[in-house]
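Here is the structure we will look at.
The values are calculated or read from the model by the stated rules, or taken from the named source; none is laboratory data. Nothing here was measured: the structure is a model prediction, and the numbers come from that model. Quick reminder, even Gly has a Cβ in these numbers, built from the backbone with ideal geometry, and neighbours come from all protein chains shown. Note: areas computed on protein heavy atoms with side chains; ligands, DNA, RNA excluded. Shrake-Rupley method; radii C 1.70, N 1.55, O 1.52, S 1.80 Å.
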Amino acid sequence: MSSPDFSFPQDTLRQMAQDILEHARSRGASACEADVSEGFGQSVSVRLGEVETIEYNRDKGVGVTVYLGQRRGYASTSDFSPAALRATVDAALSIARFTAPDEAAGLPEAELLARGETDLDLYHPWLLPVEDAIDIARRCEAAAFAVSPLVKNSEGASVSCQQSHFVSANSLGFMGGYASSRHYLSCSVIAGEGDAMQRDDWYSTHRDAADLAEAEVVGEYAARRALSRLGARKIATCEVPVLFEAPLAATLIGNFVYAASGGSLYRKSSFLLDSLGTQVFSPQVHISERPHLPRALGSSPFDDDGVATQDREVVEAGVLKGYFLSTYSARKLGMRTTGNAGGSHNLIVRPGKRDLVGLAALMGRGLLVTEVLGQGVNYVTGDYSRGASGYWVENGEIRHPVQEITIAGNLKDMLRGIVAVGNDVLVRGSKQVGSILLERMTIAGA
């Protein structure tokens, strides 16, 4: 299904992809794959009640990969004219002729390719008049200011609606594509004044705008989060349990995915090298991949190679059952693709029985982390060190906000040291997980 606001219907994208394949074959390519896409959207931001930005985007592009045996060439263009498409194929072929052969290069095995059409209900266009978008953003920010006079400033409230569609095809007979949408509403505010100012934010994102949180709810919660950070201070250096709030727990799972992905593995730059069948997480952790969930942000019937996606268990009772492999990385490792070219699809960490309050009670004394800073993750060794802020917990209850600290550990120990996973699942992307309680990390503070 395509929106009338797309400049090119799906049938046109399919014809362009077919023309590319035919031209590549006529020019001597042994194999070819083509990706044709188009997208458009609108973003509006309001700050202190006034419109700050209004942005419209409309993009289109074609990517062509050709093979001369096991020599690979790639070229792209944003020009959809027939002459430009032929020139792009010729450019890719020229590159391939000067590229060294790669024994892992090539299209997927034909039997692994997706066949037929699968509707995962991913397309919900939000053709929002700009005046309405401004009104939503203003209501969101106004709700934040209404919480307390201590909320004195704002980094703005934003509303964005995005729609796109694409077609992928290759010379083995695969052709597939669909339309999708993603919309969001966000607010970021500042509480306090002078050196005591604190900021925080909140946002909601979904395929269907009807599923977004109400503007007033997003603004109010952003304000309450900022207010709760007032009076933040350092704590003494210590080694204590650490509780990652759900949004940050997703980044911890993201660290695992990166280390378990083919690119890191065949380059031997991952601490999870040769870890299949071994205990990577604590025994209570179960992670499933569910690519076909309707409306979900990580759903897709096929990966970037055109390989059909399938439900699978990635981690069972803490044991790693599968990597995240594309066709190329799987061949480099002497394995079979897992349908993960382009990334993971709806990783679901089985929730436990406790919410965030229950996890804090279980922790007793330790640190609740709500924000991390920097990129201090070494995927070769697993060493983890990042700036952080959050809340100090005593006797299962928050005592005061914390800032200007560093949390450190090693991902091997952190993943195996997961004490509990919460049921406070927050879905913002392809990883669905509640808050995560870790047995112990080092806190570098005052």
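Across every pair of non-identical alpha carbons in the stretch 124-245, the mean reciprocal distance, once inverted, gives a Kirkwood radius of 16.9 Å.
Taking a ≥ b ≥ c as the square roots of the eigenvalues of the alpha carbon gyration tensor, the stretch 283-355 is oblate, as a/c is not under 1.5 and a/b does not beat b/c.
With contacts taken as Cα pairs under 8 Å and at least 6 residues apart, the chain reaches a relative contact order of 14 percent.
Annotation: the antiparallel percentage among DSSP beta bridges lying fully within the chain is about 95. The gain in end-to-end length when the A104 to D121 segment is fully stretched comes to 2.7 nm, 0.36 nm per residue minus the alpha carbon separation.
Classify the chain: rounded, prolate or oblate, from the alpha-carbon gyration tensor (a ≥ b ≥ c, eigenvalue square roots; a/c under 1.5 rounded; otherwise prolate if a/b is larger than b/c)?
On the way: a/c = 2.31, a/b = 1.39, b/c = 1.66.
Note, shape of the chain comes out oblate.
Around the amide H of R233, modelled in the peptide plane, lie the amide H atoms of V402, Q403, all under 5 Å away and 5 or more residues distant in sequence or on another chain. Quick check: Cα centre of the stretch 58-135 to Cα centre of the stretch 344-410, how many Å? A separation of 39 Å, based on Cα centres.
The calculated pair-distance distribution of the stretch 331-446 uses every alpha carbon pair, bins of 10 angstrom beginning at 0, and gives 13, 35, 37, 12, 4, 0 percent.
Using a/c under 1.5 as the rounded threshold, could you call the stretch 197-261 rounded, prolate or oblate? The axes a ≥ b ≥ c are square roots of the C-alpha gyration tensor eigenvalues, and prolate needs a/b larger than b/c, oblate otherwise. Write out the running numbers ahead of the final one.
On the way: a/c = 3.47, a/b = 1.12, b/c = 3.10.
Oblate, since a/c reaches 1.5 and b/c is not below a/b.
Short-range pairs are left out: with C-alpha atoms under 8 Å and at least six residues apart, the relative contact order of the stretch 237-312 is 17 percent. Highest-first packing order for the peptide set 369-379, 26-36 is 26-36, 369-379, based on the mean count of other beta carbon atoms within 10 Å.
With 0.36 nm allotted per residue and the present C-alpha distance subtracted, the Q18-D59 stretch has 12.7 nm of extension available. Our coupling estimate for the stretch 69-74, obtained by passing each phi through the Karplus curve with A = 6.51, B = -1.76, C = 1.60 and θ = phi - 60°, is x, 10, 9, 10, x, 9 Hz, Gly and Pro reported as x.
Computed over protein heavy atoms with a 1.4 Å probe, the accessible surface of the chain works out to 44 Å² per residue.
Semi-axes of the stretch 43-143's equivalent ellipsoid from the Cα gyration tensor, sqrt of 5 times each eigenvalue, largest first, rounded to whole Å? Spell out each step's value before the answer.
On the way: eigenvalues 389, 77, 37 Å².
The three semi-axes for the stretch 43-143 are 44, 20, 14 Å.
When each pair of different Cα atoms in the stretch 193-235 is counted once in the 1/r mean, what is the Kirkwood radius in angstroms, to one decimal? Computed over the stretch 193-235, the radius equals 12.0 Å. Among 115-121, 246-252, 279-285, the peptide with the highest mean count of other Cβ atoms within 10 Å heads the list, and the full ranking is 246-252, 279-285, 115-121.
Diffusion of the stretch 325-394 by Stokes-Einstein, at 4 °C in a medium of 1.567 mPa s and with Rh set to the Kirkwood radius over alpha-carbon pairs, works out to 81 µm²/s.
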